[in-house]
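What follows is a set of notes on a single structure, which appears directly below.
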Amino acid sequence: MYEVYAFSTPNSVKVPIALEELGVPYELHAVNVRQGEQKRDSFLALNANGKVPVITDLERAFVLSESAAILVYLAEKHGELLSHDSITRARTFEQLFVHASGLSPAFGQAGYFQKFAPERIPHAVERFVTEANRQLRLLDGVLDEREFAAGDAFSIADIAHFGWIWRRGFPDLTLDDFPNVRRWYDAVQRRQAVVRAISKVEGLVPLAA
């Protein structure tokens, strides 16, 4: 049994998707980042970095943060979503690291400088929007050669990429010029585990928000 502390964010949704795919029970706890609940002492006791998601493995009394680390932990513990083949496994980690170091920060910064920065800085907007689109182009090339991010099977690499591409409206990005990413995204979005996970995390947002 797991407890998941999350909100309707690109990184949060990854954990419920993995758990739904694995078919293991979990309890979802809302941490409303719009109201700053991630900075409360009760949450900082779980993650001093003040970010969602966080997972508690009640069986092992183990708390873990960082979405990529959580995905690896769940895949290794349950023996799914991460290939045992050494090459495919390496490709999976390659895409996880590409996501953590490239796609995710580019999408996040592109959105921040367009939506939340106290003043609009054209150079910053151009820099990060350009980089976000470059990351999509790289992923499009990967998906031109294989069905999923790391090979022929759905994996934690796909879950990682899906989170931010699901929220691509935040940095005002589209998939119009990336047909392979569009094909992949549509296929992932139709997976029943993904449908269930999205419904649950969207349900964490108060109706009045």
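The values are calculated or read from the model by the stated rules, or taken from the named source; none is laboratory data. Quantities reported herein were computed from a predicted structural model and do not represent experimental measurements. A quick note on method: Cβ atoms are made from the backbone with ideal geometry, for glycine too, and the neighbour counts reach across all protein chains shown.
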Within the range 140-181, track down each residue that is under 23 Å from G79 (Cβ atoms) and not hydrophobic (A, V, I, L, M, F, W, C). R146, E147, G151, D152, S155, D158, H161, G163
Tell me whether the range 42-55 contains one or more residues that are more than 27 Å from R127 (Cα to Cα) and among the charged types (D, E, K, R). no
Conditions first: (1) acidic (D, E); (2) crowded, with 17+ Cβ neighbours inside 10 Å; (3) free of Cβ contacts under 8 Å to residues at least 12 places away in the same chain. D140 passes all but one, so which condition is the exception? (3)
Among what's in the range 76-100 and is under 15 Å from the mean Cα position of the chain (by Cα) and aliphatic (A, V, I, L, M), pick the residue that is nearest to W164 (Cα to Cα). A100
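Listed here are the residues, each with its yes/no results for (1) assigned by TED's automatic domain parsing to the domain that holds A18; (2) within 30 Å of A153 (Cα to Cα); (3) buried (at least 17 other Cβ atoms within 10 Å of the Cβ); (4) modelled with pLDDT under 95.
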{"site": "L44", "(1), (2), (3), (4)": "yes, no, no, no"}
{"site": "V52", "(1), (2), (3), (4)": "yes, yes, yes, no"}
{"site": "A68", "(1), (2), (3), (4)": "yes, yes, yes, no"}
{"site": "A124", "(1), (2), (3), (4)": "no, no, no, yes"}
State whether the residues of the range 83-94 include one that is assigned by TED's automatic domain parsing to the domain that holds F148, at pLDDT below 95 and farther than 24 Å from R34 by Cβ. no
From the list L74, L64, pick out the single residue that is in contact (Cβ under 8 Å) with a residue 24 or more places away in the chain and either farther than 19 Å from F7 by Cβ or surrounded by 12 or more Cβ atoms within 10 Å (Cβ to Cβ) (or both). L74
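Has the range 101-109 got any residue that is in the same structural domain as L175 (by TED's automatic domain parsing), more than 19 Å from the chain's Cα centre (by Cα) and either aliphatic (A, V, I, L, M) or surrounded by 17 or more Cβ atoms within 10 Å (Cβ to Cβ) (or both)? Spell out how you get there, then give the answer.
Of all residues in the range 101-109, those in the same structural domain as L175 (by TED's automatic domain parsing) come to 101-109.
Filter once more, keeping what is more than 19 Å from the chain's Cα centre (by Cα): none.
Within the range 101-109, none of the residues are in the same structural domain as L175 (by TED's automatic domain parsing), more than 19 Å from the chain's Cα centre (by Cα) and either aliphatic (A, V, I, L, M) or surrounded by 17 or more Cβ atoms within 10 Å (Cβ to Cβ) (or both).
Given the criteria at pLDDT 95 or above, assigned by TED's automatic domain parsing to the domain that holds A18 and under 15 Å from P10 (Cα atoms), does I156 qualify?
no
Across the range 77-88, what is the total count of residues that are free of Cβ contacts under 8 Å to residues at least 60 places away in the same chain and at negative phi?
Adding up the residues that qualify gives 7.
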